Amino acid sequence: MKVIVTRNYEEMCQKAARIIAAQVTLKPDSVLGLATGSTPVGIYQDLVKKYQEDRLDFSEVCTVNLDEYIGLDRENPQSYRYFMNHNLFDHVNIPKQYTYVPNGLSSDPEDECEDYELLIQQLGGVDLQLLGIGGNGHIGFNEPAESFAEETHVTNLTASTIEANSRFFGEGEEVPKQAITMGIGTIMQAKKILLVANGESKAQAIYDTLYGPVSPNCPASILRFHQDVTVIVDEAAFKKVTEQQ
Ligand code: PGA
């Protein structure tokens, strides 16, 4: 794994956006695997800036998102489809019909998972997968478990993830308890992976990912078996590693 430590969140975002921009420049018809959450927001802002100021061209790009809540409409501001439109897709020249997010309202979520897995294959696989990480080491919504989930699947969110995500929901709004997520196997098939993390709340997860046992207790630790992973973290997220050195 290549690890880049940055001074702060802004620098983490700039470096990540540069890597994504380089990918799109080198292969204009890239399939980008994208992530939601607070971590990538600044990265998407930088990409929008690169589109507006440097004419970074997304016209041939295709995107597949990691996950989506079950039960939320695409127009619901808490849905990941809404997040992606709002933070990136509405502001660059990417054809919306080539942006894919699992359908959280499918009448048959298991079927939706199979279709999503097939879709990724039909697109030729993901060229560059962007990942955030949960405080518990989850990637996508692959929560700590007894084994690594292979393919796109329906998952029950852990209490800690529901709690972490509740900050995005208003009072009285129920946080979904289930989601559709790419599996660890799906993620591991991406040709390149870019994992980003900032803040001290991610320090233990980053330490476990880089130095703990490779175990489904810390799903991100499996990334050590992938041949092309870049990890970009700010100093706060790297703190536990620094302390051990
Ligand atoms: P966050 O979530 O970026 O909102 O911290 C990351 C994740 O849970 O994967």
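The values are calculated or read from the model by the stated rules, or taken from the named source; none is laboratory data. Model, not experiment: these values are computed from the prediction. No Cβ is skipped: glycine too gets one built from the backbone with ideal geometry, and neighbour counts run over all protein chains shown. Just so you know, the surface numbers come from the protein's heavy atoms only, side chains and all, with ligands and any DNA or RNA stripped out. Shrake-Rupley method; radii C 1.70, N 1.55, O 1.52, S 1.80 Å.
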Legend entry - Residue that is farthest from residue 81 (Cα to Cα), among those in segment 106-124 that are of a type in the set (A, V, I, L, M, F, W, C) and in contact (Cβ under 8 Å) with a residue 40 or more places away in the chain: 123
Inset, instruction - Mind listing whichever residues of segment 69-80 are surrounded by 16 or more Cβ atoms within 10 Å (Cβ to Cβ), within 16 Å of the ligand (Cβ to nearest atom) and free of Cβ contacts under 8 Å to residues at least 60 places away in the same chain? - result: 79, 80
Inset, instruction - State whether one or more residues within segment 61-68 are out of contact with any strand residue (DSSP E or B) (no Cβ under 8 Å at 6 or more places or on another chain) and open to solvent by 10 Å² or more (accessible area, probe 1.4 Å). - result: no
Inset, instruction - Kindly indicate whether any position in segment 179-196 is assigned to a loop (DSSP other than H, G, I, E, B), open to solvent by 40 Å² or more (accessible area, probe 1.4 Å) and within 15 Å of the ligand (Cβ to nearest atom). - result: no
Inset, instruction - Could you check residue 52 against (1) under 15 Å from the mean Cα position of the chain (by Cα); (2) open to solvent by 30 Å² or more (accessible area, probe 1.4 Å); (3) not β-branched (Val, Ile, Thr) and say which number it fails? - result: (1)
Legend entry - Within segment 17-65, tally of residues that are out of contact with any Leu (no Cβ under 7 Å at 6 or more places or on another chain), within 16 Å of the ligand (Cβ to nearest atom) and part of a loop (DSSP other than H, G, I, E, B): 4
Inset, instruction - Have a look at 186, 209 and point out the one that is under 13 Å from the mean Cα position of the chain (by Cα) and of a type outside the set (A, V, I, L, M, F, W, C). - result: 186
Legend entry - Test for residue 146: is it touching a residue at least 40 places away in the same chain (Cβ under 8 Å), away from the ligand (no atom under 16 Å from the Cβ) and open to solvent by 20 Å² or more (accessible area, probe 1.4 Å): yes
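Out of the residues in segment 213-241 that are aliphatic (A, V, I, L, M) and more than 16 Å from the chain's Cα centre (by Cα), state the one that is modelled with the lowest pLDDT. Talk me through it step by step, then tell me what you get.
Taking segment 213-241 and keeping what is aliphatic (A, V, I, L, M), we get 214, 220, 222-223, 229, 231-233, 236-237, 241.
Those left that are additionally more than 16 Å from the chain's Cα centre (by Cα): 214, 236-237, 241.
Numbers: 214: 98, 236: 98, 237: 98, 241: 95.
If we take residues in segment 213-241 being aliphatic (A, V, I, L, M) and more than 16 Å from the chain's Cα centre (by Cα), then 241 is modelled with the lowest pLDDT.
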Legend entry - Residues of segment 52-86 classified as closer than 21 Å to residue 190 by Cβ and either among the β-branched types (Val, Ile, Thr) or out of contact with any Lys or Arg (no Cβ under 7 Å at 6 or more places or on another chain) (or both), total: 12
Inset, instruction - Would you please name the residue that is nearest to the ligand (Cβ to nearest atom), looking only at residues in segment 124-143 that are part of a loop (DSSP other than H, G, I, E, B) and in contact with a Gly (Cβ under 6 Å, 6 or more places away or on another chain)? - result: 132
Legend entry - Within segment 223-245, tally of residues that are assigned to a helix (DSSP H, G or I) and open to solvent by less than 20 Å² (accessible area, probe 1.4 Å): 2
